[in-house]
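The values are calculated or read from the model by the stated rules, or taken from the named source; none is laboratory data. Here the structure is a predicted model, which means the values were calculated and not measured. With ideal geometry, Cβ positions are generated from the backbone for all residues, glycine too; neighbour counts draw on all protein chains shown. To get the accessible areas, we keep the full protein, side chains included, count just its heavy atoms, and leave off ligands, DNA and RNA. Shrake-Rupley method; radii C 1.70, N 1.55, O 1.52, S 1.80 Å.
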Amino acid sequence: MSNEETKDTPAPFGSVIAPHMASLRFSGGHWGGAQITPVEPLSLHPAAHVLHYGSSCFEGMKAFRSTDGPVRIFRIDRHLVRLQHSAELLCLPFPPLDIVENMIRRVVESNESVVPQPPGALYLRPVLIGTHEGIGGAGKPSPEALLYVLASPVGDYFSGGAHPLRILIEDQAMRTTPGFGQAKSGGNYAASLRHVKHARDRYGAEQVLFCPGGDVQETGASNFFLFDDRRVLTKPLSPAFLHGVTRDSILVLARELGYEVIERDFTVAELKDWIRTGEAALSGTAAVLSGVGSFIHDGAELTVGDGRIGPNTLRLRNALLAIQSGNAEDRFGWLS
Ligand SMILES: Cc1ncc(COP(=O)(O)O)c(C=O)c1O
């Protein structure tokens, strides 16, 4: 790890890689033994399946240092099942869940000294790729694979002050294909990148909210919520978008706090109506819950409420951060 991450100038999220990684290879129909090594370049044949046919999926979760000492991972069970499901969709071999869990825990242990204090965390990134050598494999799954786990000490996403986000509403293009949105696969990010870049270059927007045919789905890297003082509205789970662990956690906390949780499809027209008085926010492991200050749609700027992060967004975000950082009881058993 470089010494660049100081209290004054936190390094950009994910830019500092912790010193140790885990890796495990699948070959000849078997998984080998997991190894912990210093982070080192991968040795991959230039004909590796992943480099040509995009056989890659990954996860992103956080481990938090608790006030009583140990470092605990937030909802690792959910992330493991999602990785397994992504692997299935990509026809990649997948080891037993306990082996993957053990690799991730060993990565946390071996990088223990670089885990920051909360609300900072150790971000964990398991990656699974197809490594079979050959450039005639377009229609065949890779019979060889590599699973590896990286870690990155990350600061409070909101350090320097949470700012309301500016989001472009894209009401034509899809982020990815309808059935593949639930996979956390590199190809989905590649597919949406040009839209996100366009939003940034043309409108100075931080993200794109994908709403194909007017159906409000998710952004390029987070799920989407509408709030008011009584209600939480979000799209119901479907294969079209990523089933966020943060999304689920916010819904659990919202119910506990007495909000009416509504999971149903809604349109851009309804969103525009809602934000006259209500709030909008993005949820994800990195961003926790980030308030939206304005949307851009059809060339017009639409302010959300008074343009500041709303009280319900802050309340739910703080409720989640309190559990993650050990300031509130872990009453749902999310940290382990
Ligand atoms: C496309 C997309 N949707 C939603 C999410 C939120 O998922 P989670 O809350 O599990 O981090 C992410 C981030 O991982 C994402 O990349």
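Scanning the stretch 125-138 for residues that are touching a helix residue (DSSP H, G or I) at 6+ places or on another chain (Cβ under 9 Å) and in a loop (DSSP other than H, G, I, E, B) gives 131, 132, 134, 135, 137, 138. The set of residues in the stretch 249-279 being out of contact with any helix residue (DSSP H, G or I) (no Cβ under 7 Å at 6 or more places or on another chain) and within 16 Å of the ligand (Cβ to nearest atom) consists of 251, 252, 263.
Considering the stretch 174-191, and only residues there that are among the small types (Gly, Ala, Ser) and touching a strand residue (DSSP E or B) at 6+ places or on another chain (Cβ under 7 Å), the residue that is surrounded by the fewest Cβ atoms within 10 Å (Cβ to Cβ) turns out to be 186. Of 273, 265, 306, all but one fail to be more than 30 Å from residue 63 (Cβ to Cβ), touching a Pro at 6+ places or on another chain (Cβ under 9 Å) and modelled with pLDDT of 95 or more; the exception is 265.
The requirement of being within 11 Å of the ligand (Cβ to nearest atom), under 28 Å from residue 63 (Cα atoms) and among the aliphatic types (A, V, I, L, M) is fulfilled nowhere in the stretch 160-171; no residue meets it.
Among the conditions (1) assigned by TED's automatic domain parsing to the domain that holds residue 236; (2) part of a loop (DSSP other than H, G, I, E, B), the only one that residue 189 does not satisfy is (2).
If you take the residues in the stretch 192-207 that are among the hydrophobic types (A, V, I, L, M, F, W, C) and open to solvent by less than 70 Å² (accessible area, probe 1.4 Å), which one is nearest to the ligand (Cβ to nearest atom)?
Quick first cut of the stretch 192-207, residues among the hydrophobic types (A, V, I, L, M, F, W, C) only: 193, 196, 199, 205.
Filter again for open to solvent by less than 70 Å² (accessible area, probe 1.4 Å), leaving 196, 199, 205.
Values: 196: 11, 199: 15, 205: 16 Å.
Per the stated criteria, the residue is 196.
Name every residue in the stretch 93-136 that is in contact with a Gly (Cβ under 7 Å, 6 or more places away or on another chain), buried (at least 20 other Cβ atoms within 10 Å of the Cβ) and under 24 Å from residue 186 (Cβ atoms), in order of residue number. Steps first, answer last, please.
At the first step, the residues of the stretch 93-136 found to be in contact with a Gly (Cβ under 7 Å, 6 or more places away or on another chain) are 116, 118, 120, 123, 125.
Next, only the ones that are buried (at least 20 other Cβ atoms within 10 Å of the Cβ) stay: 120, 123.
Listed by number, the list holds a single entry, 123.
Residue 140 falls short on exactly one of the conditions (1) crowded, with 18+ Cβ neighbours inside 10 Å; (2) basic (Lys, Arg); (3) more than 16 Å from the ligand (Cβ to nearest atom), and that condition is (1). Within 18 Å of residue 163 (Cβ to Cβ) and out of contact with any His (no Cβ under 7 Å at 6 or more places or on another chain) - does that describe any residue in the stretch 318-331? Checking the stretch 318-331: at least one residue is within 18 Å of residue 163 (Cβ to Cβ) and out of contact with any His (no Cβ under 7 Å at 6 or more places or on another chain). Entry remark, the stretch 71-124: residues being assigned to a loop (DSSP other than H, G, I, E, B) and in contact (Cβ under 8 Å) with a residue 12 or more places away in the chain number 14 in total.
Within the stretch 260-284, count every residue that is open to solvent by less than 40 Å² (accessible area, probe 1.4 Å) and of a type outside the set (Gly, Ala, Ser). Looking only at that region, the number is 9. For first residues located in the stretch 176-189 and free of Cβ contacts under 8 Å to residues at least 24 places away in the same chain, partners that are open to solvent by 30 Å² or more (accessible area, probe 1.4 Å) and lie 6+ apart or on another chain with Cβ distances below 6 Å form the pairs 176/191. Of the residues that make up the stretch 204-211, is at least one part of a strand (DSSP E or B) and either more than 27 Å from residue 61 (Cβ to Cβ) or touching a Leu at 6+ places or on another chain (Cβ under 6 Å) (or both)? Checked the stretch 204-211: at least one residue is part of a strand (DSSP E or B) and either more than 27 Å from residue 61 (Cβ to Cβ) or touching a Leu at 6+ places or on another chain (Cβ under 6 Å) (or both). For the stretch 10-60, the strands (runs of 3 or more DSSP E) that sit wholly inside it and include 2 or more residues that are away from the ligand (no atom under 16 Å from the Cβ) and closer than 28 Å to residue 182 by Cβ are 20-27. The residue that is surrounded by the fewest Cβ atoms within 10 Å (Cβ to Cβ), counting only those in the stretch 213-233 that are closer than 16 Å to residue 288 by Cα and within 11 Å of the ligand (Cβ to nearest atom), is 221. Would a scan of the stretch 45-54 turn up a residue that is of a type in the set (Phe, Trp, Tyr) and more than 19 Å from residue 249 (Cα to Cα)? There is at least one residue in the stretch 45-54 that is of a type in the set (Phe, Trp, Tyr) and more than 19 Å from residue 249 (Cα to Cα).
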